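The values are calculated or read from the model by the stated rules, or taken from the named source; none is laboratory data. In this text, all values refer to a predicted model and were calculated from it rather than measured experimentally. FYI the Cβ positions are ideal-geometry reconstructions off the backbone, even for glycines, and counts take in every protein chain you see.
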Amino acid sequence: MQHAHYEQKHGNGNLRGHKPAGRGNGKKNVEACSYCGEKDEVIPILYGFPTHAGFMRAERGEVYLGGCEVSPYGFFCKRCDREF
Ligand SMILES: [Zn+2]
């Protein structure tokens, strides 16, 4: 009889792939604001009911929660406080 190989899950919760947060000027896949022409304050709009992660991102100002009513806008400029 052979012992089943005991596989340990590498699940110590400390080592989650954490990305550097708080870098304001990361390269984001956003369009330039149609009002001020800048991208640095532009965040994508997240439609529908957000996941927990979505909420967290919204808390950090990384996304704008658009709610369940989908509008034709895809981005939100925090400087202008407008969707576009
Ligand atoms: Zn703007």
>> Against the conditions (1) surrounded by 13 or more Cβ atoms within 10 Å (Cβ to Cβ); (2) in a helix (DSSP H, G or I), where does A53 fall short? Just the number, please.
In response: (1)
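Taking the criterion of being at pLDDT 90 or above, assigned to a strand (DSSP E or B) and out of contact with any Ser or Thr (no Cβ under 6 Å at 6 or more places or on another chain), would at least one residue in the range 29-39 satisfy it? So that I can check it myself, show each step before the final result.
Filtering the range 29-39 for residues at pLDDT 90 or above gives 30-39.
Filter once more, so that each one left must be assigned to a strand (DSSP E or B): none.
Scanning the range 29-39, I find no residue that is at pLDDT 90 or above, assigned to a strand (DSSP E or B) and out of contact with any Ser or Thr (no Cβ under 6 Å at 6 or more places or on another chain), so the answer is no.
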> Across the range 56-73, what is the total count of residues that are surrounded by fewer than 16 Cβ atoms within 10 Å (Cβ to Cβ) and either in a loop (DSSP other than H, G, I, E, B) or charged (D, E, K, R) (or both)?
Replying inline: 10
